[in-house]
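Written below as structure tokens is the structure these notes are about.
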Amino acid sequence: MITEEDVERISWLARIEIDSSKSKEYAEQLNSILDYFQQLEELDTSDIEPTYHVDDLVNVLRSDDIKPSFTQEEALENCENKKDGYFKVPGIM
Amino acid sequence: MSYSNTDGIMIGLEIHVQLNRLKTKMFCGCSTQYHSSPPNTHVCPVCLGLPGALPVINQKAVESAMKVGLALNCEIVEQTQFHRKNYYYPDLPKGYQVSQFDYPIVSNGKVAIEGEDGELVIRIRRAHMEEDPGKLIHMGSIDKSKGTLIDYNRSGMALLEIVTEPDIRSPKEARRFLDKLRNILEYLDVFDSDLEGAMRVDANISLQGGDRTEIKNISSHKGAERALLYEIMRQKNLLRRGEIVTMETRHFDEARGVTTSMRSKEEEHDYRYFPEPDLVPLRVKDRTEKLLQELPELPDAKKERLISQYSISDMHAKALVSNLKIANFYEEVASEVNPKVAATWIADVLKGELNYRDLTIDACKVEDIVQLVTMIMENKITDRSAVEVIRTLLDSGGNCMEIVEKKGLVKVEDNVVEQAVDDVLGENKNAINDYLNGKEQSLNFLVGQVMKKTRGRADPMIVRDIIANRIK
Ligand SMILES: [Zn+2]
């Protein structure tokens, strides 16, 4: 069961601001989604190998060889806020 | 000697090791040699988290992680994969860190250290691979921050997070474990501890009757010992007053030597781990045999070999192997001169003089120490002069022979010593009488006078014997 408090906590974790008047509505919606998934629990999967990946591939590896990196100009090209070659964001503590 | 651990101290460590001897990062071909480069010059679409970029696992990073696991006596997992660990902080360009979750690459290992009361085995719970975040630089002071600057050169560096069981019982044991681990990692050549941020430690600690706290991001081994000492004192005081130690994350303030609360358990992140869909699973256990063959001689094995091959003491062998470069240096010297004398001078004297100056063995040449040990063996210089030669070599450079000649350190001939003793005894009748009347210090005075006349080039022990014989 997702409570209104859970909704507020999840929104904080996801850094999404929500209108607190809506948290009851969101809790109901999330619970109905979870109820829907609950139906999957009824299936017996004890003999089924877990799927780790949709492809059957394993061990896709590369050798430890250097490839060219961006220049600083390229790295910062799409960035609005920058300073002295750094990305700049609001103060974080 | 037995250690009773009356406070019921239990310490577990999480050590983040940067696999900085790799040429490239964990999931992209950007070079790892960013330490003296301008910001954001070792980045690409993958490590900047640009949309559509596809990470590919560095094979050597996987093999390095497996080698560390084997050196720590771990089991290699049959199949593993990467997960996304989600949290929002600007040092992570993607909003998640690629890490491992339920199937770490290696687990269930153990390492023996010298504990408070003899050998102590520390169990290794697991070690998993992950990527390093970027580096944040805060502008202005903490309370009046004008913004934060980000350099993503470090972003995507291969990390190995090694987690121990809470088997450590004192801050000193924690430090010894960290020293031992660093030693092993350097032998494996997967890691250079001299680079900034190469090893970061989190420590979990609890006392009997209290909850566990976690101290985050300690940057040195000495820092870990100090942080734990402080935290034990803090928890002990709380428990003594009947207060509760709550489960929380704390920060170690290196400058003030204290830990401060960062967040309580309730504020703890929920990382919402889920499998990384951009990376396919790894099945690499079949490489174990090949990697075992590639493992170098590790510190414990090297110590045993040095003891049996060169007949040196356990203490000297331990001091030598605690630094691979010094151990190699010693073996080069020992191949040319008496290995026991070489061990004494390198382990007891040279190592201390290097530490005192914050220098590595690179500051010293094998041939100089070979010459020095040869002169000591041939009785051409005194021990005191030999120490002076080492100090001069490290402080002003030059070579051994040059220093000995320039400083006139060649030991004086025996007849010169005899002459000096004659002179001193002739000039100091009072001191002789004092000595004969039981004043021991007078002998020291007379020896000092002879040393002065020979400008320190006589062997004080021999001078002492000569004088004592002459005036008894
Ligand atoms: Zn990159």
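The values are calculated or read from the model by the stated rules, or taken from the named source; none is laboratory data. Just so we're clear, the structure is a prediction, and the values are computed from it rather than from any experiment. All Cβ positions, even for glycine, are placed from backbone atoms using ideal geometry, and neighbour counts span all protein chains on display.
Scanning region B:178-214 for residues that are of a type in the set (D, E, K, R), assigned to a helix (DSSP H, G or I) and within 19 Å of B:F252 (Cβ to Cβ) returns B:D179, B:R182.
Per-residue answers, yes or no, for (1) under 29 Å from the mean Cα position of the chain (by Cα); (2) within 16 Å of the ligand (Cβ to nearest atom); (3) within 11 Å of chain A (Cβ to nearest Cβ); (4) of a type in the set (V, I, T):
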{"position": "B:P39", "(1), (2), (3), (4)": "yes, yes, yes, no"}
{"position": "B:V68", "(1), (2), (3), (4)": "yes, no, no, yes"}
{"position": "B:Q79", "(1), (2), (3), (4)": "no, no, yes, no"}
{"position": "B:P90", "(1), (2), (3), (4)": "no, no, yes, no"}
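Restricting region B:24-37 to residues that are touching a strand residue (DSSP E or B) at 6+ places or on another chain (Cβ under 8 Å) and assigned to a loop (DSSP other than H, G, I, E, B) leaves a set whose member that is nearest to the ligand (Cβ to nearest atom) is B:C30. Scan region B:9-40 for residues that are among the polar types (S, T, N, Q) and crowded, with 20+ Cβ neighbours inside 10 Å and the total you get is 5.
Conditions tested, residue by residue: (1) more than 30 Å from B:K25 (Cβ to Cβ); (2) modelled with pLDDT of 95 or more; (3) buried (at least 16 other Cβ atoms within 10 Å of the Cβ); (4) not assigned by TED's automatic domain parsing to the domain that holds B:S64.
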position	(1), (2), (3), (4)
B:S145	no, no, no, no
B:N153	no, yes, yes, no
B:I162	no, yes, yes, no
B:L185	no, yes, yes, no
B:I218	no, no, yes, no
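Any residue in region B:159-176 that is within 16 Å of the ligand (Cβ to nearest atom), in a strand (DSSP E or B), within 14 Å of chain A (Cβ to nearest Cβ) and touching a strand residue (DSSP E or B) at 6+ places or on another chain (Cβ under 9 Å)? Looking through region B:159-176, none of the residues is within 16 Å of the ligand (Cβ to nearest atom), in a strand (DSSP E or B), within 14 Å of chain A (Cβ to nearest Cβ) and touching a strand residue (DSSP E or B) at 6+ places or on another chain (Cβ under 9 Å).
Could we say that B:G109 is within 14 Å of chain A (Cβ to nearest Cβ), buried (at least 19 other Cβ atoms within 10 Å of the Cβ) and modelled with pLDDT of 95 or more here? It is false that B:G109 is within 14 Å of chain A (Cβ to nearest Cβ), buried (at least 19 other Cβ atoms within 10 Å of the Cβ) and modelled with pLDDT of 95 or more.
When restricted to residues that are buried (at least 20 other Cβ atoms within 10 Å of the Cβ) and within 17 Å of B:I168 (Cβ to Cβ), region B:114-131 contains 4. Of all residues in region B:417-447, those being touching a Ser or Thr at 6+ places or on another chain (Cβ under 9 Å) and not hydroxyl-bearing (S, T, Y) number 9. The number of residues in region B:41-61 being more than 7 Å from chain A (Cβ to nearest Cβ) and either more than 13 Å from the ligand (Cβ to nearest atom) or acidic (D, E) (or both) comes to 3.
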